[in-house]
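The values are calculated or read from the model by the stated rules, or taken from the named source; none is laboratory data. No experiment lies behind these values; they were computed from the predicted model shown. So basically every Cβ, Gly included, is an ideal-geometry build from the backbone, and we count neighbours across all protein chains shown. Note: areas computed on protein heavy atoms with side chains; ligands, DNA, RNA excluded. Shrake-Rupley method; radii C 1.70, N 1.55, O 1.52, S 1.80 Å.
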Amino acid sequence: MELLFFYIFAGVAIGSAVMVVINKNVLHAALFLILTFFCVAAIYVILRAEFLAAVQILLYIGAIMALFIFTILLINVMQAQFLRQFHGQRPLAAVLVAALLVETLILLFSDFRANFPLMQDIPADRTGQASLEALAQLLLTDYLLLFEAAAVLLLAALIGAVVLARGDLRQ
């Protein structure tokens, strides 16, 4: 069953990633990117990396993509005023909401252990601790140089964004 869910989420992730690249509307591309990030987080859950899934959802979907969409909407504020908001998408949206509601109800009233055999019983005192400890151990020992390089790269990107946002100071 996990393999089926993996293929579903991987297929949706690949399809939405392709839509990010080929979509001409920037806002729609950002929404497809959110779907891609969500599918990657679902794959992390299937692989029992719950911490990475939570980080994926909180950081990428929650913070970064909200910032992207906010920026896109601020930049295209004049253009968005003249666009028609609903292009006959309400019937499709209603069908999708009904399908997601049925899926949610099925998952709520079914046996999770039978549907996800990868979910094994973990002692109560070790729940969520083993994978997080292993990740921290790897990041701070074997991959310390890469971890620090990523931090420096993010700092450089932040400084570059501040310099670009300030504009030309000579004016």
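Quick notes on this one:
- For first residues located in the stretch 21-41 and at pLDDT below 85, partners that are surrounded by fewer than 19 Cβ atoms within 10 Å (Cβ to Cβ) and lie 6+ apart or on another chain with Cβ distances below 8 Å form the pairs Val26/Ile72; Val26/Asn76; Leu27/Ile69; Leu27/Ile72; Leu27/Leu73; Leu27/Asn76.
Quick grid of which residues meet (1) modelled with pLDDT under 75; (2) more than 20 Å from the chain's Cα centre (by Cα); (3) of a type in the set (Lys, Arg):
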residue: Gln56; (1), (2), (3): no, no, no
residue: Ala63; (1), (2), (3): no, no, no
residue: Leu74; (1), (2), (3): yes, yes, no
residue: Arg90; (1), (2), (3): no, yes, yes
residue: Leu118; (1), (2), (3): yes, yes, no
residue: Ala130; (1), (2), (3): yes, yes, no
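- Near pairs, Cβ below 9 angstrom, 6+ apart or cross-chain, from the stretch 44-59 (closer than 17 Å to Ala136 by Cβ and part of a helix (DSSP H, G or I)) to any residue that is of a type in the set (D, E, K, R) and open to solvent by 70 Å² or more (accessible area, probe 1.4 Å): Tyr44/Glu50
- Contact map, the stretch 145-162: residues that are farther than 16 Å from Ile64 by Cβ paired with residues that are part of a helix (DSSP H, G or I) and hydrophobic (A, V, I, L, M, F, W, C), Cβ distance under 7 Å, separation 6+ or inter-chain. Pairs shown: Phe147/Leu139.
- Test set (1) modelled with pLDDT of 60 or more; (2) under 22 Å from the mean Cα position of the chain (by Cα) - Gln137 fails condition number: (2)
- Residue match in the stretch 31-46 (condition: touching a helix residue (DSSP H, G or I) at 6+ places or on another chain (Cβ under 6 Å) and farther than 30 Å from Ala134 by Cβ): yes
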